[in-house]
Amino acid sequence: MVYDLVVRGGRVLDGRGSEPRVTDVAISGDRVVAVGDLPPDEPAATVLDAAGLVVCPGFVNPLSHSYYSVLEDGTSLGELVQGVTTQIFGEGESMGPVPVAGREAQQREAATYGVEVTWTRLSEYLDTVERAGCTQNVASLVGAETMRIHGVGYDDRPATDAELDTMRGLVAEEMADGALGIGSSLIYAPGSYAGTEELVALCEVAGRYGGTYASHVRDEGSGLLPAIDELLEIVRRSGVHGEMWHLKAAGQPQWPLMEHALAKLQGARDDGVRIGADVYPYTRSGTGLASTIPPRWHEGGADALYDRLADDAARREIRADMVALGRYGDTPSADDVLLLRLRHPDNARWQGHTLAEIAADRGQDPVDTALDVVATERTSVFTAFRSMSEDNLRRQLAVAWVGVCSDAASIAPAGRSLDSPTHPRAYGSFARVLGHYTRELGVLTLPDAVRRMTSLPAETFGLTDRGVLEPGYAADLVVLDPDTVADRATFAEPHQLSVGVRDVVVNGVLALRDGEPTGARPGRRLRRGRSA
């Protein structure tokens, strides 16, 4: 037998947390067919010498926002060079089924990437990505917010029984076609308008298909613990596997809550609840500046919010609500609010500056500056908020059931991406855990760090033939140098690729060799369960 690819003499980590063993890996087609010592003269079309390097399963990113960037540039370089071989979408919004009420807004967003929305269903979108060509596999949950727009629109009210039936029917269609489950994002309107009962109803449908419920919970600040209670209630009642996306206690007064949050989640696990979590390894979050405006002002959709900001009376009320709130997101200080993406010509010079700096330059109160910027941009305005504790982050990473995500789009340091700063998590989340938190700080062992990025998310999201390096599993694997793997992106210089990953194999095909993309686009759309 002539193997298609043999990786020789590497320190093989199986993805289950076992200690490494020096051995060989053989691949035929898109499957791993042997892990063990092969004869020196065993024939193979391609041989990679991995002596002194680690060979492990490809990494699974359980929270990616590469919806359009993966169509704009299928190389997906920012994550490919970190060893990511599968991206999972669906935080609140999903690329389908495309609601009539939201299609225009989706088209506008896609157009900024040079992408046309030609699909209607989520499954069609994923097929579109595979046909266009991508270095990585893609999969998605059904967005709870997308379902709400289908059924209710942008109104802040409970769904009627008929509307809920419509939403549940759409979930069933997408689950039957391989969707991974339901994803929610409960701090953003209109997703935030959904009550617990609505979410349970959607998740019950996903649960019948063995699906997962992943959530950006309703409150990551002072209401963190009740938000976790809601997550656990939804998981318990619907029978799904649960995931708390980007676990955090946001805002310094809330930092002591992390100990209680971890205890609450662990207690549920001890009681048999299938619940886990993930983090990105940074202490700044990243979201829209518009999210600092209370949810009631978002009713009717984004354009309705921007129109209210243009109305003097409505704006005065919005301002009063923000002043009464006394914070921007989960931070009270405008010095901790870093604006990253500004498109309007009048605002572009403030990219990469804090809200406090911009307000001082304009001679304004920071609340007025925030409202002015959102009003003129007529976008959410991507912003980084300094709100998390480094001690908490290390505490979270020490927990065996906490995985790693990017919560970002995979981009490259070229072209349009260079027009604005970004959060370094887009370039460095996985490499930072392997380098800084594993090699330098010893928060994790290397076998366990790899497990958190491979078999843990694959099991959580029902990708039953990914995340493990054993015969019969999909041939997604990474060859990396554990002594040099590291992130390079910072907030000051964000557009820098991570280092230390030499080779990446996706579905048996080399997508990265000797640190350079090969030009191959072997990624596939994945369905819940085995892909073949």
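The values are calculated or read from the model by the stated rules, or taken from the named source; none is laboratory data. In this text, all values refer to a predicted model and were calculated from it rather than measured experimentally. Cβ sites come from the backbone with ideal geometry, for glycine too, and all protein chains shown count toward neighbours. Surface areas here come from the heavy atoms of the whole protein model, side chains and all, with no ligands, DNA or RNA. Shrake-Rupley method; radii C 1.70, N 1.55, O 1.52, S 1.80 Å.
Return the residues of segment 432-456 that are touching a strand residue (DSSP E or B) at 6+ places or on another chain (Cβ under 6 Å) and either open to solvent by less than 10 Å² (accessible area, probe 1.4 Å) or more than 22 Å from VAL506 (Cα to Cα) (or both); say none if nothing qualifies.
VAL433, GLY435, VAL450, ARG452, MET453, THR454
Of all residues in segment 128-159 being in contact with a Phe, Trp or Tyr (Cβ under 8 Å, 6 or more places away or on another chain) and assigned to a helix (DSSP H, G or I), which is surrounded by the fewest Cβ atoms within 10 Å (Cβ to Cβ)? Walk me through how you get there before you give the answer.
To start, the set of residues in segment 128-159 that are in contact with a Phe, Trp or Tyr (Cβ under 8 Å, 6 or more places away or on another chain) comprises 128, 138-141, 145, 148, 152, 155-157.
If we keep only those that are assigned to a helix (DSSP H, G or I) as well, we get 128, 145, 148.
Numbers: THR128: 19, GLU145: 25, ARG148: 29.
Checking each candidate, the answer is THR128.
So ALA310 ticks every box in (1) open to solvent by 20 Å² or more (accessible area, probe 1.4 Å); (2) touching a strand residue (DSSP E or B) at 6+ places or on another chain (Cβ under 9 Å) but one. Which box is left unticked?
All conditions are met except number (2).
Could you list, in sequence order, the residues of segment 187-207 that are more than 16 Å from ASP165 (Cβ to Cβ), open to solvent by 10 Å² or more (accessible area, probe 1.4 Å) and out of contact with any Leu (no Cβ under 7 Å at 6 or more places or on another chain)?
Once the filter is applied, which keeps residues that are more than 16 Å from ASP165 (Cβ to Cβ), open to solvent by 10 Å² or more (accessible area, probe 1.4 Å) and out of contact with any Leu (no Cβ under 7 Å at 6 or more places or on another chain), segment 187-207 yields ILE187, TYR188, ALA189, TYR193, GLY195, THR196, GLY207.
So which of ARG349, ARG284, ARG316 is among the basic types (Lys, Arg), over 29 Å from PRO424 (Cα atoms) and modelled with pLDDT of 90 or more? Reasoning before the result, please.
Details: ARG349 fails: over 29 Å from PRO424 (Cα atoms); ARG284 fails: over 29 Å from PRO424 (Cα atoms).
Being among the basic types (Lys, Arg), over 29 Å from PRO424 (Cα atoms) and modelled with pLDDT of 90 or more holds for just one of ARG349, ARG284, ARG316, which is ARG316.
If you go through segment 481-532 one residue at a time, how many are surrounded by fewer than 16 Cβ atoms within 10 Å (Cβ to Cβ) and within 18 Å of PRO413 (Cβ to Cβ)?
The total comes to 6.
If I ask for residues that are of a type in the set (Gly, Ala, Ser), touching a strand residue (DSSP E or B) at 6+ places or on another chain (Cβ under 7 Å) and open to solvent by 10 Å² or more (accessible area, probe 1.4 Å), which ones from segment 39-87 would you list?
Initial filter on segment 39-87 (of a type in the set (Gly, Ala, Ser)): 44-45, 50-52, 58, 64, 66, 69, 74, 76, 78, 83.
Applying the additional criterion that residues be touching a strand residue (DSSP E or B) at 6+ places or on another chain (Cβ under 7 Å) yields 44-45, 50-51, 58, 64, 66, 74, 76, 83.
Once the filter is applied, which keeps residues that are of a type in the set (Gly, Ala, Ser), touching a strand residue (DSSP E or B) at 6+ places or on another chain (Cβ under 7 Å) and open to solvent by 10 Å² or more (accessible area, probe 1.4 Å), segment 39-87 yields ALA44, ALA45, ALA51.
Output yes when any residue across segment 484-500 is free of Cβ contacts under 8 Å to residues at least 40 places away in the same chain and not in a loop (DSSP other than H, G, I, E, B), and no when none is.
no
Looking only at segment 316-336, count how many residues are free of Cβ contacts under 8 Å to residues at least 60 places away in the same chain and open to solvent by less than 50 Å² (accessible area, probe 1.4 Å).
Qualifying residue count for the region: 8.
Identify the single condition in (1) surrounded by 24 or more Cβ atoms within 10 Å (Cβ to Cβ); (2) over 13 Å from MET147 (Cβ atoms); (3) touching a residue at least 60 places away in the same chain (Cβ under 8 Å) that LEU231 does not satisfy, given that it satisfies every other one.
Among (1) surrounded by 24 or more Cβ atoms within 10 Å (Cβ to Cβ); (2) over 13 Å from MET147 (Cβ atoms); (3) touching a residue at least 60 places away in the same chain (Cβ under 8 Å), LEU231 violates only (3).
When both residues are 6+ apart or on different chains and their Cβ atoms are under 8 Å apart, which pairs have a first residue that lies in segment 107-124 and is on the phi > 0 side of the Ramachandran plot, and a second that is charged (D, E, K, R)?
Every condition considered, the pairs that remain are GLY114/GLU72.
Among the residues of segment 160-176, how many are over 15 Å from ARG121 (Cα atoms) and open to solvent by less than 30 Å² (accessible area, probe 1.4 Å)? Steps first, answer last, please.
Just the residues of segment 160-176 that are over 15 Å from ARG121 (Cα atoms), to begin with: 160-165.
So of that shortlist, the ones also open to solvent by less than 30 Å² (accessible area, probe 1.4 Å) come out as none.
Adding up the residues that qualify gives 0.
Within the set of pairs 6+ apart or on separate chains, which have a first residue in segment 289-307 that is closer than 26 Å to GLN351 by Cβ and part of a helix (DSSP H, G or I), a second that is modelled with pLDDT under 95 and hydroxyl-bearing (Ser, Thr, Tyr), and C-beta atoms under 6 Å apart?
What qualifies is LEU289/THR383; ALA290/SER380; THR292/TYR328.
List every residue pair whose Cβ atoms sit under 7 Å apart, with the two residues 6 or more apart in sequence or on different chains, where the first one lies in segment 132-146 and is within 15 Å of ALA176 (Cα to Cα) and the second, anywhere, is modelled with pLDDT of 95 or more and open to solvent by 10 Å² or more (accessible area, probe 1.4 Å).
The qualifying pairs are ALA139/ARG525.
Kindly indicate the residue of segment 364-386 that is small (Gly, Ala, Ser) and open to solvent by 10 Å² or more (accessible area, probe 1.4 Å) and also modelled with the highest pLDDT among those meeting that condition.
That would be ALA375.
Please name all residue pairs, on different chains or six or more residues apart, with Cβ atoms under 6 Å, provided the first residue is in segment 55-76 and is farther than 15 Å from LEU180 by Cβ and in a helix (DSSP H, G or I) and the second residue is open to solvent by 10 Å² or more (accessible area, probe 1.4 Å) and charged (D, E, K, R).
none
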